[in-house]
Structure formats: structure tokens, C-alpha cells
Amino acid sequence: MASATRRALLAGMLAAGMAASARSADSPWSRLRRGGLVLLVRAGALDPVGERLRTERVPIERVYASPDGSCRGNALAAFGRADEWTALAAFGDDPVRQSDETQRVRKRIGNYSSRALRGNVVMVTHRANIAALTGIALAEGEVLLVKPDGCCGVRRVERLRP
């Protein structure tokens with residue numbers, strides 16, 4: 001399937017699947033519009049995610065991306081900007097690196113609880129990184145919303161599936 005056709009299909013599925021919840025005052029989209037959340041995004045076809053966030057008028061304060069592979073390129077295409085952050089890089093089979101990098105990400109997310117974010121923070125990374133942090137394995141382009149919960153704490157809020 002052509003890339004543009006796939007993106008259009010994913011955007012349509014995402015819009016249709018989330019339309020009912022977007023009307024609720026406590027929907028993930030309403031919470032995202034208020035800001036203060038971190039979006040953990042598994043690298044992949046991110047254009048539908050970026051398009052939906054723009055359509056829903058979700059404010060994005062920062063975008064971080066793994067320097068590996070196409071993560072940064074996908075983040076740039078979807079969000080228009082992305083800062084490389086090595087803590088989001090794939091750690092392979094190195095358990096020490098996995099522990100160290102996961103703690104760095106957990107600490108950064110936790111520290112957002114003491115700051116008044118004007119928007120949300122996006123982190124584009126790999127399946128294994130998100131699973132190590134949250135215990136959840138996301139599909140490509142899938143999003144997990146987390147809320148900073150004090151120093152080094154991460155509270156899962158919602159999973160968005162394209």
C-alpha cells in the first residue's frame with residue numbers, strides 16, 4: 001500500500017475511533033488540550049498522530065526523539081520539530097543500559113510534575129523503551145499518555161490506538 005494512502009487510512013481510522021471520546025469533557029483529547037501530559041509514541045507511521053493532535057488543537061511544548069533510525073525523521077514529519085535525546089535510543093540487549101536510560105526518562109517525566117507545562121511533551125522512541133518504562137508494548141505509531149507523578153513517577157492515563 002502506498003505510504004500516502006496508508007497514512008490517509010490510518011488518519012481516518014484514528015479520527016473515527018476517537019470521535020466519540022473527543023466529545024467527553026474527560027476524554028483523552030480534553031485532557032491533552034489542558035496540557036501537562038507526556039505522550040510516549042512508538043516510532044512508525046506518525047503522520048496520522050501528528051495530524052490528529054493538530055486537528056484536536058493539542059498544545060505541544062517539546063518533542064524529543066530517539067536518534068536511532070527513522071525516529072527523529074518521523075517525529076519531524078509529524079510534529080515539525082524534534083530534539084534528539086540519547087536516553088530514548090534503542091538499548092538492545094544491554095540490561096545495564098536499559099536500566100540507566102529508563103531511569104533517565106522516568107526522572108525527566110517525573111520532574112515535569114513540578115513545572116507548569118504550557119502544553120504536552122512528546123517522546124518518540126522504541127517499543128522496548130516504552131515497555132521497560134511502563135510495562136506496555138505499543139504497536140507502531142501508537143501513543144501512551146502518561147502523567148508526571150512526582151520525582152521519578154509515571155502514571156499511565158490512556159492508550160491511543162490509530
message: For Thr55, only one of the following conditions fails: (1) surrounded by 14 or more Cβ atoms within 10 Å (Cβ to Cβ); (2) under 14 Å from Leu32 (Cβ atoms); (3) not acidic (Asp, Glu). What is its number?
response: (1)
message: I need every pair where a residue in segment 91-104 that is touching a residue at least 24 places away in the same chain (Cβ under 8 Å) has its Cβ under 6 Å from the Cβ of a residue that is surrounded by 12 or more Cβ atoms within 10 Å (Cβ to Cβ) and in a loop (DSSP other than H, G, I, E, B), sequence separation at least 6 or different chains.
response: Gln98/Phe91; Glu101/Phe91
- prompt: Just to be sure, is Ala139 outside any strand (DSSP E or B), of a type in the set (A, V, I, L, M) and crowded, with 18+ Cβ neighbours inside 10 Å?
  reply: no
- prompt: If you scan segment 68-89, which residues turn out to be farther than 16 Å from Arg108 by Cα, surrounded by 14 or more Cβ atoms within 10 Å (Cβ to Cβ) and touching a strand residue (DSSP E or B) at 6+ places or on another chain (Cβ under 7 Å)?
  reply: Cys71, Arg72, Asn74, Ala75, Phe79, Ala82
- request: Report those helices (runs of 4 or more DSSP H) wholly inside segment 1-120 carrying at least 3 residues which are over 18 Å from Glu140 (Cβ atoms) and at pLDDT 90 or above.
  value: 28-34, 95-111
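The values are calculated or read from the model by the stated rules, or taken from the named source; none is laboratory data. All figures in this text were calculated on a predicted structure; none of them were measured in a lab. Every residue, glycine among them, receives a Cβ derived from its backbone with ideal geometry; neighbour counts consider all protein chains shown.
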